[in-house]
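Enquirer: Pasting a structure here, questions to come.
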Amino acid sequence: MRKTTLLTAGALLLAGPARTLAQTTDPNLNNGESPFVRLIRPDRPGQTITTNMLYPGQFQLETGLTRYDAGSSVGYAGRSVWGSTLRVGFFNHIELRATQNYLLTPDVRPLSVEGTPAAYAGPVGFAPLNVGAKFLASTVQNARSQVVVLFDMNLRNGDASYPDKQFEPGARLLVSQQLGQRFGLEGNFGFRQRGFKAEGTKQGQYLTTLALNGPLGPTTHFGFLAETYATWQRQQGWRPGLTTGLYFRPSPAIRLDVTAGHGLTPAAGGFNVGAGLAFRFGK
């Protein structure tokens with residue numbers, strides 16, 4: 001059927017590897033007090049979404065400002081955007097989440113015929129809201145090997161200046177492997193399509209990521225992020241890039257970070273820099 005969505009097909013594709021990887025988790029492994037698990041792990045910065053899931057009654061807010069170069073293949077090219085994500089721990093190993101971006105008006109505007117700055121005609125203000133949920137596929141939450149499935153969707157709300165708004169369903173398979181007690185290797189494989197019809201898959205985008213993160217030095221207050229990612233669309237092909245950053249954790253539930261990223265090919269060119277804050281509350 002032409003109305004069959006890629007989201008449904010992707011869910012079936014994700015279920016197989018998620019089941020296989022989940023069987024590798026040792027249910028008897030007590031890992032809850034390791035620094036990698038106990039300390040806050042936000043879904044920002046970078047393209048990688050962590051396998052970390054909040055427990056019921058926990059809340060986590062992540063916010064930051066990112067500036068994208070005009071040639072960027074990710075984010076909003078040539079623009080600055082505030083991005084905020086609210087994560088809520090739910091029962092039965094589920095985490096609910098909502099992400100809202102706010103696109104700032106460009107500092108430099110085109111000139112009119114009279115030589116004065118012209119009114120900006122592009123999108124500004126609140127972007128369509130993204131809502132989603134993480135589901136644990138591993139046997140034990142926060143084990144050394146973790147598998148999580150994320151389903152999310154961009155809605156059709158937001159400022160009227162955003163053109164051609166559609167529902168955009170997406171899904172990701174999130175995997176992580178803890179290295180020692182403090183380091184972690186995390187990866188994502190996901191996709192997003194426009195609308196619910198099969199034709200929307202032609203405009204769909206695939207994403208793969210691999211990220212290493214951990215502390216710098218003997219303490220856990222300072223740390224680093226190193227990430228490689230690639231997006232693929234039928235019209236654009238592969239667009240790989242790198243993201244790197246540093247973070248400071250003044251307490252187990254608070255983290256500040258600064259990041260920089262760049263494409264690895266001319267088609268994926270574009271520099272971006274960002275800074276943000278994440279904090280968790282609740283037991």
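Each reported figure results from applying straightforward, stated rules to the coordinates on display, with no laboratory input. Computed from a predicted structure; not experimentally measured. Cβ atoms come from the backbone with ideal geometry, glycine included; neighbour counts cover every protein chain shown.
Enquirer: What nm distance separates the two modelled labels at Phe248 and Tyr55, each placed 7 Å from Cα along Cα→Cβ?
Expert: 2.9 nm
Enquirer: Once R0 is set to 35 Å, what does the formula 1/(1 + (r/R0)^6) return for the Cβ-Cβ distance between Ala275 and Phe167, expressed as a FRET efficiency to the nearest 0.05? Mind dumping the intermediate values first?
Expert: Values: r = 31 Å, r/R0 = 0.90.
For R0 = 35 Å, the calculated efficiency reads 0.65.
Enquirer: Using the count of nearby Cβ atoms within 10 Å as a rough guide to exposure, how do Ser176, Ser161 rank from fewest to most? Don't skip to the end; give the middle numbers.
Expert: Numbers: Ser176 26, Ser161 14.
Sorted ascending by nearby Cβ count, the order is Ser161, Ser176.
Enquirer: What is the distance, in nm, between label points placed 7 Å from the Cα along the Cα-to-Cβ direction at Gln236 and at Leu104?
Expert: Simple spin-label model gives 2.3 nm for this pair.
Enquirer: Once fully extended, how much extra length lies between Arg38 and Asp159, figured as 0.36 nm per residue of separation less the alpha-carbon to alpha-carbon distance? Mind dumping the intermediate values first?
Expert: Working: separation 121, 0.36 × 121 = 43.56 nm, distance 3.83 nm.
Full-extension gain reported as 39.7 nm.
Enquirer: Now for a different question. Once fully extended, how much extra length lies between Leu264 and Phe135, figured as 0.36 nm per residue of separation less the alpha-carbon to alpha-carbon distance? Mind dumping the intermediate values first?
Expert: Working: separation 129, 0.36 × 129 = 46.44 nm, distance 3.24 nm.
In short, 43.2 nm is gained.
Enquirer: Another question, if that's okay. Which order results if Arg79, Arg38 are arranged by neighbouring Cβ count within 10 Å, fewest first?
Expert: Details: Arg79 19, Arg38 15.
Taking fewest neighbouring Cβ atoms as first place, the list is Arg38, Arg79.
Enquirer: Within 10 Å, Cβ to Cβ, of Gly184, how many net charges do the neighbouring residues add up to if Lys/Arg are +1 and Asp/Glu are -1?
Expert: On the way: positive: Arg41, Arg144, Arg182; negative: Glu186.
Around Gly184, the surrounding residues sum to +2.
Enquirer: Could you sort the peptides 262-269, 48-55 by per-residue average Cβ neighbour count (10 Å cutoff), highest mean leading? Let's see the in-between values first.
Expert: Numbers: 262-269: 16.0, 48-55: 22.5.
The peptides rank, most packed first, as 48-55, 262-269.
Enquirer: Starting from the 7 Å offset along Cα-to-Cβ, what nm value, one decimal, do you get for the label separation of Asn92 and Leu179?
Expert: Calculated label separation equals 3.7 nm.
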